[in-house]
2 protein chains.
Amino acid sequence: MPAPLRIAVIHTGDELLLGLQLNRHLLYLGEQFVRHGVQIDQAIVVGDSIAAITTAFHRAWAEANIVITTGGLGPTLDDNTKEAVAEALGLSLDYDLDIEANIAQHLAKEGQTLNDLGKKQCYKPSGFETLKNPVGTAPGLWFTQNNRHLILLPGPTQELQAIFEDSVLPRLKQAGLLENKPSFLSFKTAGIPEVELAALLKPLLDSHAGLGVAYCAHLDQVDVRLHPGPSNLSWAQLEKILETCQKALGEDFLGVGDISLPQNVLQLLQGKTASLSVAESCTGGLLAHTLTDIPGASKHFAGGVVCYNNDMKIELLGVPEALLLQHGAVSAEVAVAMAAGVAERFSTPYALSTTGFAGPEGGSAEMPVGTVFIGYYAPTGIWARRLYFPQSRRIIKERATYAALDWIRRELLTENPN
Amino acid sequence: MPAPLRIAVIHTGDELLLGLQLNRHLLYLGEQFVRHGVQIDQAIVVGDSIAAITTAFHRAWAEANIVITTGGLGPTLDDNTKEAVAEALGLSLDYDLDIEANIAQHLAKEGQTLNDLGKKQCYKPSGFETLKNPVGTAPGLWFTQNNRHLILLPGPTQELQAIFEDSVLPRLKQAGLLENKPSFLSFKTAGIPEVELAALLKPLLDSHAGLGVAYCAHLDQVDVRLHPGPSNLSWAQLEKILETCQKALGEDFLGVGDISLPQNVLQLLQGKTASLSVAESCTGGLLAHTLTDIPGASKHFAGGVVCYNNDMKIELLGVPEALLLQHGAVSAEVAVAMAAGVAERFSTPYALSTTGFAGPEGGSAEMPVGTVFIGYYAPTGIWARRLYFPQSRRIIKERATYAALDWIRRELLTENPN
């Protein structure tokens, strides 16, 4: 492998610079490379103009061993990546009959034919190889020169990912450019702030000279990465260090790798062959959505009710009207009644509930926007807890969802086995 | 204003390159600039190392009039932006007592004190001005040299956005670097593929010489941007062109600017002073979540039920057991019964329902994973429709949610006024 391996990615597309689209390709490619022990060195985001792409390409091609471009291979006038790259490398763009045949075949499946606009996608710079696009029209393209590799990928997410996994990864492996293990070992924590976490782990980690440690904080979760570092610790050593961290962290340890909180909750429920239902007010469906994003969720998530108004809380969840009148809909009492009500309705041993002021309107001096009560129902009892997230509507929904899931996670972890 | 104005953004953070975090800052900054008539020219994503930041900074500073960095102003060892910039500009890093006082004041509110680690945030390159951070510790920093501006922003989203809006925008306006109108006029369409849309609009748009047109396709939605272009069309002319497009598109026209589909649905319901409820199976809460993300949703969205299993469909939604036995849970009949049931439960004149196979398991030869039925209930009747999205679980949920919302949007648009 050429040392050091340097990977540069050029993302093209005006929409990425005009605040119209998130760059999900960088997240995807970064994750793919890290899984194979290598890392992206730099990413450059430019618009659709040939000049901008050409400048970015010249730099990347001079500095990196692997250059990947995303976008700009489609049929419209602002698709310019092939044109820019061919110009920069001094190559002609040739019409390719094999590409034409593949595109025509793909379109036929959808009952369409190749029109003049679409023919733009049949050109490729001379000397480039074609990477088959199994789910769309524009193929990926591959070019090697002086041990450097240039890979052109189309912009639609599904097409980019299919070509990357079907063609790019196998070729990079064959060229000996990837490792057999990930770049680092990582674990997730929950409910402990970054500074406290770092202080807690410092004595455990400092004793391993040369170990690389990095923290990444999200809303209420901090991820920790352990890199082999300059002293090149073995994978087994990293795993041993991780074990020590897990012991020290106790309940604050969420899991190894990219396990998510809802995944973890569903696994813990599976361990008890138990199921969960949810009653949502201020989270408005996000709690159910977060759980149902996990494949197989239906085995341990029975469902839920989203109800904003009091009548529905009374009718659908059996919340006593007297409670609503006496304590208000945003109260510990109502959170408890909602959790108990939905557990009964769905016949689940466990339930979660949320009620609060997500804003921007509503709330009061004693209970400003951001005040949330979450309720937890289990075979052993019912509880409610008051939280405060002085933030935007969306963040309040996310943090309340996270807090509810983290609560049941901790309870399921420590509960006596049934 | 220096012509041409060139804006470069440098995003720092290993997590952006390691597949651990989406770069939401570029989306935000791009949108902010476009609203003020200017555009980001280029964005560069680098890791945390001083060397990588310094190289990226040298290039950007040589080419752009405005350089913005995001991230790397925090207290930990991998926060290196100030260090890299000071080195590149040959400036010293000085301890600043005003910054210290501001940070201490902020921490006191949360019952914390400034520790040695936190003091790293009190240093600033000499000659830099401080931009107050109203929601966190690390301040933003501003430096001007030869009519070029360098702006350092902290990585946490809330802090970056607060400083940008409180301090950066006002200063850029004062310096005459922003316009009074957005860069372009845009509108959204729904339910029409990009190639058909482009073909439909071509004769309308080609007659305006020099008009800039760009398309951006999402899952089932295409956005169209109209730029003043080289012939510098006036805003009024752009608005007139947009009107022509709207007429030609009919129902496929969703709205002007960044209005979203759920926003549009809630507005149409408001126009009828009517409300909506939802019964979700395969979308698992995403439909409710999408609606409740809109501020004020509770006025026209009553709530919903997420139910995966048949018992709950029978008990909570009153779906007849015979229907489930005869047609199965994934059927037009059950979609209709779910929509009618939830409308009755929540006493809403309108309702939507979803039932389908989101995968990865389930489905059959006749109804593979991706088969979804959506139901629509209105004062004028009940209908169901069969759709097929041969994609991943998450995309199936999103497209089914989108299809349901687009259905009610079209019906509300064309329904007789009540």
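Within the stretch A:257-271, the residues that satisfy the criterion of being touching a Leu at 6+ places or on another chain (Cβ under 7 Å) and farther than 18 Å from A:V342 by Cβ are A:L261, A:N264, A:L268.
Criterion first (in a loop (DSSP other than H, G, I, E, B), in contact (Cβ under 8 Å) with a residue 40 or more places away in the chain and over 29 Å from the mean Cα position of the chain (by Cα)) does A:T113 satisfy it? Criteria not met by A:T113. Looking across the stretch A:324-333 at every residue that is assigned to a helix (DSSP H, G or I) and either surrounded by 18 or more Cβ atoms within 10 Å (Cβ to Cβ) or touching a His at 6+ places or on another chain (Cβ under 9 Å) (or both), the one that is farthest from the other protein chains (Cβ to nearest Cβ) is identified as A:E333.
Taken over the stretch B:386-402, the criterion of being surrounded by fewer than 19 Cβ atoms within 10 Å (Cβ to Cβ) and in a helix (DSSP H, G or I) is satisfied by B:R394, B:I395. Of all residues in the stretch A:288-316, exactly one satisfies the criterion of being facing chain B (nearest Cβ under 7 Å), of a type in the set (A, V, I, L, M) and either within 16 Å of A:A403 (Cβ to Cβ) or part of a loop (DSSP other than H, G, I, E, B) (or both), namely A:A288.
In the stretch B:367-384, the count of residues that are within 12 Å of chain A (Cβ to nearest Cβ) and on the phi < 0 side of the Ramachandran plot is one or more.
None of A:E280, A:E333 is among the charged types (D, E, K, R) and over 26 Å from the mean Cα position of the chain (by Cα) except A:E333. Residues that are more than 8 Å from every other protein chain (Cβ to nearest Cβ), surrounded by 23 or more Cβ atoms within 10 Å (Cβ to Cβ) and assigned to a loop (DSSP other than H, G, I, E, B) within the stretch B:4-35 comprise just one, B:G13. Exactly one residue out of A:A274, A:A279 is outside any helix (DSSP H, G or I), more than 9 Å from chain B (Cβ to nearest Cβ) and surrounded by fewer than 21 Cβ atoms within 10 Å (Cβ to Cβ), and it is A:A274.
Considering the stretch B:170-205, and only residues there that are hydrophobic (A, V, I, L, M, F, W, C) and in a loop (DSSP other than H, G, I, E, B), the residue that is farthest from the chain's Cα centre (by Cα) turns out to be B:A175. Take the conditions of a type in the set (D, E) and at pLDDT 95 or above and apply them to B:E333. Does it pass? Considered against the rule, which asks whether it is of a type in the set (D, E) and at pLDDT 95 or above, B:E333 comes out as yes. Scanning the stretch A:93-102 finds one or more residues that are aliphatic (A, V, I, L, M), touching a helix residue (DSSP H, G or I) at 6+ places or on another chain (Cβ under 7 Å) and surrounded by fewer than 18 Cβ atoms within 10 Å (Cβ to Cβ). Among the residues of the stretch A:188-216, those that are within 13 Å of chain B (Cβ to nearest Cβ) and either aromatic (F, W, Y) or over 26 Å from B:S49 (Cβ atoms) (or both) comprise A:E196, A:Y215.
When A:Q267 is tested against the conditions (1) in a loop (DSSP other than H, G, I, E, B); (2) more than 10 Å from every other protein chain (Cβ to nearest Cβ); (3) surrounded by 15 or more Cβ atoms within 10 Å (Cβ to Cβ), the lone failure is (1). Go through the stretch A:338-348 and give me each residue that's surrounded by fewer than 24 Cβ atoms within 10 Å (Cβ to Cβ) and more than 30 Å from the chain's Cα centre (by Cα). Matches in the stretch A:338-348: A:A340, A:E344, A:R345, A:S347.
Residues are listed down the side, and each one gets a yes or a no for (1) within 23 Å of B:V319 (Cα to Cα); (2) modelled with pLDDT under 95:
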position	(1), (2)
B:T244	no, no
B:L249	no, no
B:D258	no, yes
B:V265	no, no
B:L268	no, no
B:A279	yes, no
B:T283	yes, no
B:T290	no, no
B:I294	no, no
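Number of residues in the stretch A:355-385 that are closer than 22 Å to B:V135 by Cα, in a strand (DSSP E or B) and of a type outside the set (A, V, I, L, M) equals 1. Checking B:V85, B:V38, B:V67 one by one, the residue that is within 13 Å of chain A (Cβ to nearest Cβ) and in contact (Cβ under 8 Å) with a residue 24 or more places away in the chain is B:V38 and no other.
Would you confirm whether or not the stretch A:334-343 contains a residue that is touching a Pro at 6+ places or on another chain (Cβ under 9 Å) and touching a residue at least 60 places away in the same chain (Cβ under 8 Å)? Yes, because at least one residue in the stretch A:334-343 is touching a Pro at 6+ places or on another chain (Cβ under 9 Å) and touching a residue at least 60 places away in the same chain (Cβ under 8 Å).
Each row is one residue, and each column tells you yes or no for (1) free of Cβ contacts under 8 Å to residues at least 24 places away in the same chain; (2) polar (S, T, N, Q).
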residue: A:G362; (1), (2): yes, no
residue: A:I374; (1), (2): no, no
residue: A:R385; (1), (2): no, no
residue: A:A400; (1), (2): no, no
residue: A:R409; (1), (2): no, no
residue: A:T414; (1), (2): no, yes
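Check the stretch B:227-246 and report whether any residue there is crowded, with 18+ Cβ neighbours inside 10 Å and of a type in the set (D, E). No, the stretch B:227-246 contains no residue that is crowded, with 18+ Cβ neighbours inside 10 Å and of a type in the set (D, E).
The values are calculated or read from the model by the stated rules, or taken from the named source; none is laboratory data. What you see is a predicted model; the values in this text were computed from it and never measured. Virtual Cβ from ideal backbone geometry, glycine too; neighbours counted across all protein chains shown.
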